[in-house]
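What follows is a single structure, written as structure tokens, with notes after it.
Each reported figure results from applying straightforward, stated rules to the coordinates on display, with no laboratory input. Just so it is clear, the model here is predicted, and its values are computed rather than measured. Positions of Cβ are backbone-derived with ideal geometry, glycine not excepted, and every protein chain shown enters the neighbour counts.
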Amino acid sequence: MFHMIGHIIFGLVIGIIAKYIMPGQHSHSIITTAILGMVGAWLGGLIGRMLHLYEPGHPAGFFMALIGAMVVLLIYGFVTKDSTATTTLLHAARYLVNAG
């Protein structure tokens, strides 16, 4: 029981930090933020295990969980059109292509 509460709190913290790091405005509820953070931590752990940073069965570290949450937040923004982060990143990519 306490293990699950720890996952929820960790996911919420990671989700909040990812929302502040990502550009644009994000209008997610606290539950959505916690879920995105938990899924991001899982994805970060998966990426870390694929890169042999973590052994099988070990959880993701804070940094990889944050990277995973940022990826999940970006995908969520593309799918739901809920944030301005996707628009900001697309404009930045277009600017870089046109500048180069």
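Some points to look at:
- Ranked for footprinting exposure by Cβ neighbours inside 10 Å, fewest first, THR80, THR33 give THR80, THR33.
- Spin-label model distance (nm) - MET1 vs THR80, 7 Å beyond Cα toward Cβ: 3.0
- R0 of 30 Å, Cβ-Cβ distance GLU55-ILE21: FRET efficiency to nearest 0.05: 0.65
- Put simply, the amide H of TYR54, placed in the peptide plane, has neighbours under 5 Å in ARG49, leaving out anything fewer than 5 places away on its chain.
- Alpha carbon centroid spacing (whole Å) that separates the stretch 1-39 from the stretch 44-81: 13
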